[in-house]
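Below: the structure, in structure tokens.
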Amino acid sequence: MHKLGSKVLVFSHNRRNPFHRCIHTAVAASYQSIYHSNQLLNGLSKSGRVNDARKLFDKMPQKDEYSWNTMISGYVNVGRLVEARELFDVFSCRSSITWSSLISGCCKFGCKAEAFDLFRSMRLEGHQPTQFTFGSVLRVCSSLGLIQTGEMIHGYVVKNGFESNVFVVTGLVDMYAKCKSILEAEFLFKGLGFDRKNHVLWTAMVTGYAQNGDGLKAVEFFRYMHMQRVECNQYTFPTILTACSSVSALCFGEQVHVCIIRSGFGCNVYVQSALVDMYAKCGDLINAKKVLENMEDDDVVSWNSLIVGFVRHGFEQEALLLFKNMHGRNMKIDDYTFPSILNCCVVGSIDPRSVHSLIIKTGFENYKLVSNALVDMYAKTKNMNCAYTVFENMLEKDVISWTSLVTGYAQNGSHEESLKIFCDMRVAGVTPDQFIVASILSACAELTLLEFGKQVHSDFIKSGLWSSRSVDNSLVAMYAKCGCLDDADTIFASMEVKDVITWTALIVGYAQNGKGRDSLRFYDAMVSSDTKPDFITFIGLLFACSHAGLVDEGRKYFQQMNKVYGIKPGPEHYACMIDLFGRSGKLDEAKELLDQMDVKPDATVWKSLLAACRVHGNLELGERAATNLFDLEPNNAMPYVMLSNMYSAAHKWEDAAKIRRLMKSKGIVKEPGCSWLEVNSRVHNFISDDRGHPREAEIYSKIDEVMVRIKEAGYLPDMNFSLHDMDKEGKEVGLAYHSEKLAVAFGLLAAPPSAPIRIFKNLRVCGDCHSAMKYISRVFTRHIILRDTNCFHHFREGECSCGDYW
């Protein structure tokens, strides 16, 4: 209790302030009743004049519980919790109302920990919580997702006899729903009699279903609610409209719109905004625009919703027009407006620099949502330098920021850079989500980094995150492209839902690992599961046929594309077919198909034809293919080298030298053949006749031993792959020291005896090395996995998975 001073509180004597004179009279007159003082104290507190209220409180000669609670409540209402707590601590006769008032204030103004501490202390001191106390702490549990704390409070509710209190039950339903325990919320709702359920409780259930991703249940519940003639309000309608959006229930949304008009909420800005959003997300952009145009006030949320709708449905120009209209109306653009406009830049509807400039001028460059959208936009427009600059200048980065940059590098072919950024993210302490995991696994697949991919997979499992279809698809692709078909099968079998990407990943994976017939088997299973193949599926399917020599099957699938599925063949499909005919020696059919193409042949088509001509020694057709490649890819060394090798194989040394001189005059440098393998988390690189490895002596001693032993087993060097004009002995030595053979020699020395030797090559494996690997696998009883630019070769017991059809 505050000690009363000897002086009377003096207020201003301004005659224009009769309320102050009334307060002065109340305090000065010692006989004035405490009732009037409390009334004045309450009036000052509720009007927000807390300082004046405190002066009156301090000078009151007598104070009762109401006086203390009113003053504490006054501080709480304006967020001055420190002063409220000071009064609370010196008040010796605290009641449940006193406790509830301070607890409510702590909850309202974000002091969650203190709110729970007060709730516990209240119970320890024997005070019974009120319905408002329970309501406050349950709201905290809802907002923070504290399900265990919420369940404990539920126990207190039952213990204190509030389990039938509608206000408290509504708080419990809301808490369970927001904590993803919708079944418990449903149980509580059904436990109340129908006559005790108000519209707030019904709305809480509808909201719960919608927020838990069960839009259909929310729609069903709202329909039942309407049948029971329960009134809806401005909170119910936006919730059910959101549920309609999530399940694209446009017809039901239109019925809700009718209910809104009949209920008199047609002019409510929140309801109108939800209507615009529902129509836009359901693709009814005409009605979305009508609702927007009929709104009395310019609501930026509604305009943003319509802009997003236009962008999502491919109407970028209409979105830009809306954006310009927002400018013309002097509307306050927010950080949700710009991300949608930046999406228009991706399709080339507007210059990215002009939007970026506007973002800077309006001061939104430091908003995380806008910065993330900028990084994503620059990445999708293949401007990774700008994407990285925006990323580096961000004051605060979240997992979305990192994901946008990592995904951008990966999608633009800079897979190594994406892995580096991912490692930086982990060092920064940012926990990856499903999106970035899927992206980084795809990068591992492209680089065939099996061990790194396994680490990412392991970390993802340990994180406890739910897997997603995109993560599972990336895992299937990563393991398949790294030659681990058993692991790819395991992931595939564990997936409850498989889409066309899942099936395609497995079809392509088996084809790349020399199991073309298995690819066809998976395709049949895919069609049987009512999954329609797409453009990419047929590329994998035709690739499988070309690498397994399945000419008839290839023809059948090529014809099915357009006739059955309406998919027009692209250059990639023609390339596979020409490769199929070329590998089978049917160069006339390949040439005929080339001349009948509906699309202009690209470099991929000519490369397939050139490779076929290389195998079958067709110089005339090979020269035609190479000449076209010289024009399409003038800086690519591949056609020059291939044609030169063809001349060399035909012993046309002068023509071969002429091509080499042409390359040199144009400054075109052939990419040197390189093979590598990973042992004990370290990558070891080799080039032909490499003398730079620390274990050089051991490696060359081993390769000499290997050559002796496989020759004894029947291996004969294929001189056709020694393309230098030298004697037989020199050619044999040159073949023996190819990078693949040096890599396998090191693998025999360093890799555990029971482990496969995994070798990767940046070019296609030569025929002599392919033959040698078969003998090495049998003589040394090792499983050798060789991945070249074309496919995987699994060598076991003298056989290759490609069946020598590579």
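Points to keep in mind about this one:
- Along its three principal directions, the equivalent ellipsoid of segment 207-250 from the Cα gyration tensor extends over semi-axes of 16, 11, 9 Å, largest first.
- When only Cα pairs below 8 angstrom with a gap of at least 6 residues are kept, segment 574-668 shows a relative contact order of 22 percent.
- Amide N of segment 749-779 lying under 18 Å from the label point, which is placed 7 angstrom from the Cα of Glu797 along Cα→Cβ: 754-757, 773-779
- Debye log10 I(q)/I(0) for segment 107-261, one point scatterer per Cα, at q = 0.14, 0.16, 0.19, 0.20 Å⁻¹: -0.70, -0.87, -1.11, -1.20
- Here the label points at Ser47 and Lys670, each 7 Å from Cα along the C-beta direction, are separated by 9.6 nm in the simple model.
- The separation of segment 48-71 from segment 599-614, counted between C-alpha centres, amounts to 91 Å.
- Inter-probe distance in nm under a simple model that places probes 7 Å from Cα toward Cβ, at Val78 and Glu696: 8.5
- Extension gain from Ala750 to Met331, taking 0.36 nm per residue of separation minus the Cα-Cα distance: 144.0 nm
- Whole-angstrom Cα spans of segment 560-701 along principal axes, big to small: 59, 43, 28
- Protein accessible area in the chain, 1.4 Å probe - carbon and sulfur %: 51
- Dipole check for segment 108-198: with +1 at the C-beta of Lys and Arg, -1 at the C-beta of Asp and Glu, and the Cα centre as origin, the magnitude is about 120 Debye.
- Extension gain, Ser354 back to Glu623 (0.36 nm per residue minus Cα-Cα distance, nm): 92.0 nm
- Positive dipole terminus of the chain, leading residue within Tyr156, Ser463, Leu87 (C-beta point charges): Leu87
- Between Ile776, Ser754, Thr789, the Cα set farthest toward the positive side of the dipole of segment 728-806 (charges on each charged residue's Cβ, about the Cα centre) is that of Ser754.
- Rolling a 1.4 Å probe across the protein heavy atoms gives the chain an accessible surface of 49 Å² per residue.
- One chain, two ends: Cys93 and Val615. Fully extended at 0.36 nm per residue, the span grows by 178.1 nm beyond their Cα-Cα distance.
- Distance cut-off 18 Å, percentage of C-alpha pairs in segment 195-279 lying past it: 33
- Fraction of C-alpha pairs exceeding 35 angstrom in the chain: 66 percent, rounded to a whole number.
- Segment 477-535 shape via C-alpha gyration tensor axes, a/c threshold 1.5: oblate
- Along each principal axis, taking the top coordinate minus the bottom one, the Cα set of segment 42-163 gives 45, 26, 20 Å in descending order.
- D_trans [Stokes-Einstein, Kirkwood Rh over alpha-carbon pairs] for segment 202-360, 37 °C, 0.692 mPa s, µm² s⁻¹: 201
- The spread of Cα positions in segment 319-370, taken along each principal axis and listed from longest to shortest, comes to 25, 25, 16 Å.
- Total formal charge among the other residues, if their Cβ is under 12 angstrom from that of Ile759, Lys/Arg +1 and Asp/Glu -1: +2
- Each peptide among 774-782, 233-241, 691-699, 251-259 gets the average number of other Cβ atoms lying within 10 Å of its residues, and from highest to lowest they stand as 233-241, 774-782, 251-259, 691-699.
- Relative to the Cα centre, the charge distribution of the chain, modelled as +1 at Lys and Arg Cβ and -1 at Asp and Glu Cβ, gives a dipole magnitude of about 2700 debye.
- Across segment 393-438, the convex hull enclosing all Cα atoms gives 70 Å³ per residue.
- Global size of segment 667-714: 14.0, 44 Å for Rg and Dmax (C-alpha atoms, Rg to one decimal, Dmax whole).
- Cα pair distances exceeding 12 angstrom across segment 111-166, given as percent: 65
- Our coupling estimate for segment 367-380, obtained by passing each phi through the Karplus curve with A = 6.51, B = -1.76, C = 1.60 and θ = phi - 60°, is 7, 4, 4, 6, 4, 4, 5, 5, 4, 5, 5, 5, 5, 6 Hz, Gly and Pro reported as x.
- Sites Asn383 and Lys420, calculated FRET efficiency, Cβ-Cβ separation with R0 25 Å, nearest 0.05: 0.85
- For segment 53-113, the share of alpha carbon pairs falling in successive 10 Å distance bins from zero is 23, 58, 18, 2 percent.
- R0 of 22 Å, Cβ-Cβ distance Val733-His651: FRET efficiency to nearest 0.05: 0.60
- Among the listed pairs Lys380/Lys600; Lys197/Lys281; Lys180/Lys281; Lys515/Lys600, those beyond 29 Å (Cα-Cα): Lys197/Lys281; Lys515/Lys600
- Here's how it looks for Cys674: its modeled amide H is under 5 Å from those of Asn762, Leu763, which are all 5 or more places away or on a different chain.
- Protein-only accessible surface order, largest first, of Glu151, Glu296 at 1.4 Å: Glu296, Glu151
- When the Cα positions of Leu322, Met295, Met278 are compared along the charge dipole of segment 275-369, Leu322 comes out farthest toward the positive end, with charges on each C-beta of Lys, Arg, Asp and Glu.
- Cα long-axis angle, helix 300-312 against the chain (0 to 90 degrees, to the nearest 10): 20
- Val500-Lys600 FRET efficiency (beta carbon distance; Förster radius 22 Å; 0.05 resolution): 0.20
- Modelled this way, with points 7 Å down the Cα-to-C-beta line, the labels at Ile261 and Glu451 are 6.9 nm from one another.
The values are calculated or read from the model by the stated rules, or taken from the named source; none is laboratory data. Not measured: the values here are computed from a predicted model. Note that each Cβ is placed from the backbone with ideal geometry, even for glycine, and that neighbours are counted across all protein chains shown. Areas reflect the complete protein model, heavy atoms only, side chains present, ligands, DNA and RNA absent. Shrake-Rupley method; radii C 1.70, N 1.55, O 1.52, S 1.80 Å.
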